[in-house]
């Protein structure tokens, strides 16, 4: 497709389980971001990949969160030992280059931890 | 410490009138600003942007104004339409460098018919 694609669109998981969220960025976009939005909150930056550079992980809330980007394209965000406070919509976005350009978001993966 | 602040969590406007959404920032390195619009159960979509070399950018019913000295920007929607009802996020970034966009918490706009 032409846009950023995320899967699953919805995920309900039990507390303590691991989850993986996938993002397919727009073809040719070298920059990829993960944000999340918890209920009633703004968009919280999690992690940023730009080309072959080391990712900016400064927004990851704990060491239970990790992300990788294989082959400069698809990215997976992994949350280990999920907690109820991890419930949020996880948004992936991509951009053509570094800094100052428009980012384009996917529809999000809605995670509910019960 | 919020670098991008949208102090009004919600705004209600009558159809046909002007909607004004405000955003303040604290980081003087920011020089590229964007507005995103988000409907429920959808990802945010890009609406309009402005670079610090300008003080105004217009696209149809949407105009963004930037006041660098006050570190303030605003989004004007005129005339407002019921379909404009959504959450609007302000975002900022240095134009150069590999840094992510910093978003405000959003303002929920309700346009009443």
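Values in this text are rule-based calculations from the coordinates and carry no lab data. Here the structure is a predicted model, which means the values were calculated and not measured. Glycine gets a Cβ as well: all are built from the backbone with ideal geometry, and neighbour counts include every protein chain shown.
Let me know the mean shielding of B:30-39 by other chains, meaning the per-residue number of their Cβ atoms within 10 Å of its Cβ.
For this peptide, the per-residue mean of nearby foreign Cβ atoms is 2.
Sort A:29, B:72 so that the residue with the fewest other Cβ atoms within 10 Å of its own Cβ comes first and the one with the most comes last.
Ascending number of Cβ neighbours within 10 Å: B:72, A:29.
Determine the gain in length on full extension of the stretch residue A:13-residue A:53; use 0.36 nm per residue of separation and subtract their C-alpha separation, reporting nm with one decimal.
Length difference between fully extended and current span is 11.1 nm.
For the pair residue A:5 and residue A:114, what calculated FRET efficiency results from E = 1/(1 + (r/R0)^6), where r is the Cβ-Cβ distance and R0 = 22 Å, to the nearest 0.05?
So, using R0 = 22 Å, E works out to roughly 0.25.
Taking Cα pairs under 8 Å and at least six residues apart, what relative contact order does chain B come out at, in percent?
37 percent
Relative to the present Cα-Cα distance, how much length would full extension add between residue B:76 and residue B:55 at 0.36 nm per residue of separation?
Taking 0.36 nm per residue and subtracting the Cα distance, the gain is 6.2 nm.
With label points built 7 Å along Cα→Cβ from the Cα atoms of residue B:108 and residue B:27, find their separation and express it in nm.
Here the answer is 2.8 nm between the modelled labels.
So for each of A:43-52, B:20-29 I average, over its residues, the number of other beta carbons within 10 Å; can you give me the resulting order with the highest mean first?
Per-residue Cβ counts within 10 Å, averaged per peptide and sorted highest first, yield A:43-52, B:20-29.
For a Förster distance of 30 Å, can you work out the FRET efficiency between the beta-carbons of residue B:14 and residue B:67, rounded to the nearest 0.05?
The formula returns an efficiency of 0.70 here.
Answer rounded, prolate or oblate for segment A:1-74, using the Cα gyration tensor with square roots of eigenvalues a ≥ b ≥ c: rounded when a/c is under 1.5, else prolate when a/b is larger than b/c, else oblate.
prolate
Compute the FRET efficiency between residue A:68 and residue A:39 as 1/(1 + (r/R0)^6), taking r as their Cβ-Cβ distance and R0 = 35 Å, and round to the nearest 0.05.
Calculated value: 0.80.
For chain B, set up a GNM with springs between Cα atoms under 10 Å and report which of B:102, B:78, B:64 has the largest fluctuation.
B:78
If you average the C-alpha positions of segment A:62-85 and of segment B:30-48 separately, how far apart do those two centres end up, in angstrom?
One Cα centre to the other: 24 Å.
Using Cα pairs closer than 8 Å and at least 6 residues apart in sequence, work out the relative contact order for chain A, in percent.
Relative contact order comes out at 38 percent.
Please give, to one decimal in nm, the separation of the simple spin-label points placed at residue B:46 and residue A:78, each 7 Å out from Cα toward the Cβ.
3.2 nm
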